[in-house]
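Asks: Let me give you the structure first, and then I'll get to my questions.
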Amino acid sequence: MSQFRVLVVGCGNMSQKWIEYALSRQDCEIVGLVDLRLENARRTRSRHNLDCQVHSSLDSAIAETSPNLVFDVTVPESHRDVVITALRSGCNVFGEKPMATNMEQAREMLATSKQTGKTYAVMQNRRYLKNIRAFRNIVDSDIIGHPSFLTADFFLAPHFGGFRESMDSPLMLDMAIHTFDQARFVIGSDPISVYCHEFNPHGSWYKGDAAAVCTFEFDNGVVFSYRGCWCAQGYPTSWESSWRLVGSRGTAIWDGERLPTAEVVIPTDKKQFLMNYEQVEVPATWEGSEGHFGCLDAMFAALIAGTPPETDCTDNIKSMAMLFGALESSRSKQVVDLLNL
């Protein structure tokens, strides 16, 4: 019998990547597929030539297949029910972002993980990119000195159609969580407050606010500034944003695509109005898989070792606080204390 008996819940497009990963592991067996629409589950079973049961009910699927690990690849509105049901049934859970659709649900899911002693880890695939790992190395290696100011610019103009264009806060709810989580990862610190202003630019094809400016303060004194727009025509940034990190001895930048670069002050005894700088090499040491496969590698490795994954719910809820704190600030026009959210 395989070490991991996996039940996949949600058989939409995103689930295919999760299934492909499970099939690449020798210690995994997919024992069932769950989808409210059974035809989706049957289609997915056929696509991957699986020999497993299909269900439209999570409870019956757990009862009949006896999984010990659930992949939650459902829509965000279903995450709370799927995760809590699975945890209370004795299963560990790996799930797609975001944890939940509000902080109350996220806290309930976190509490259930602690009560049951089961792992609930969240997919944050954008942490698992070689170049953002190199950007993080700049902080860890003290290349630019003590960091104090981090900025991220996200300017794109995708015409999705469908539900995103009718959401109240499409940029924040569907995309900003990635950048917020990346900021926490790069800084290695936790946010304590936020002020956010959302708006909908002229020419926007979104019903809700498609642009935002946020200022976060972190507990190590770093200020993080986020500027984003999902209807910015021309000069697009990458999907990973364009980043700048200011430290006490220099600055690092990352365009979201290539390796980051850094410039540091050239020491001198002379009094100068503007200092001279030299570019320094940024080490790229990440040798693991990237994206979803990299995050899943880390999740499984932690589960096998009996340690919390990097994206465990105990950590990821802090990224959720950034998102929902920013939305609350936008509504109230006030600074929001994230420690009491």
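Asks: Checking Q124 against (1) in contact (Cβ under 8 Å) with a residue 40 or more places away in the chain; (2) over 30 Å from L245 (Cβ atoms); (3) polar (S, T, N, Q): exactly one of these is not met. Which one?
Replies: So Q124 meets the others, but not (2).
Asks: Does segment 165-184 include one or more residues that are farther than 22 Å from M14 by Cβ, assigned to a strand (DSSP E or B) and among the aliphatic types (A, V, I, L, M)?
Replies: There is no residue in segment 165-184 that is farther than 22 Å from M14 by Cβ, assigned to a strand (DSSP E or B) and among the aliphatic types (A, V, I, L, M).
Asks: Follow-up question, since we're still on this one. Could you please let me know if D142 is part of a helix (DSSP H, G or I) and acidic (D, E)?
Replies: Considered against the rule, which asks whether it is part of a helix (DSSP H, G or I) and acidic (D, E), D142 comes out as no.
Asks: What single numbered condition from (1) at pLDDT below 95; (2) surrounded by 20 or more Cβ atoms within 10 Å (Cβ to Cβ) fails to hold for F216?
Replies: Only one criterion in (1) at pLDDT below 95; (2) surrounded by 20 or more Cβ atoms within 10 Å (Cβ to Cβ) is unmet by F216, namely (1).
Asks: Now a separate question. Looking at segment 312-328, is at least one residue touching a helix residue (DSSP H, G or I) at 6+ places or on another chain (Cβ under 7 Å), within 30 Å of Q26 (Cα to Cα) and not assigned by TED's automatic domain parsing to the domain that holds M109?
Replies: yes
Asks: While we're here: Would you mention how many residues in segment 149-193 are in contact with a Ser or Thr (Cβ under 8 Å, 6 or more places away or on another chain), among the β-branched types (V, I, T) and either surrounded by fewer than 17 Cβ atoms within 10 Å (Cβ to Cβ) or under 19 Å from R244 (Cβ atoms) (or both)?
Replies: Total meeting the criteria: 2.
Asks: If you go through segment 250-278 one residue at a time, how many are outside any loop (DSSP other than H, G, I, E, B), more than 29 Å from the chain's Cα centre (by Cα) and over 15 Å from S141 (Cβ atoms)?
Replies: 3
Asks: Considering only segment 49-67, state which residues are of a type in the set (A, V, I, L, M) and under 19 Å from D27 (Cα atoms).
Replies: Once the filter is applied, which keeps residues that are of a type in the set (A, V, I, L, M) and under 19 Å from D27 (Cα atoms), segment 49-67 yields only L50.
Asks: Step by step: first the residues of segment 1-21, then only those that are assigned to a helix (DSSP H, G or I) and aliphatic (A, V, I, L, M), then the one that is modelled with the highest pLDDT. Which residue is that?
Replies: So the residue we want is I19.
Asks: State which residue is farthest from Q105 (Cα to Cα) when the search covers only segment 289-319 and only residues that are of a type in the set (D, E, K, R) and part of a loop (DSSP other than H, G, I, E, B).
Replies: If we take residues in segment 289-319 being of a type in the set (D, E, K, R) and part of a loop (DSSP other than H, G, I, E, B), then E290 is farthest from Q105 (Cα to Cα).
The values are calculated or read from the model by the stated rules, or taken from the named source; none is laboratory data. Keep in mind it's a predicted model, so treat the numbers as computed, not measured. In this analysis, Cβ positions are derived from the backbone assuming ideal geometry, glycine residues included, and neighbour counts consider all displayed protein chains.
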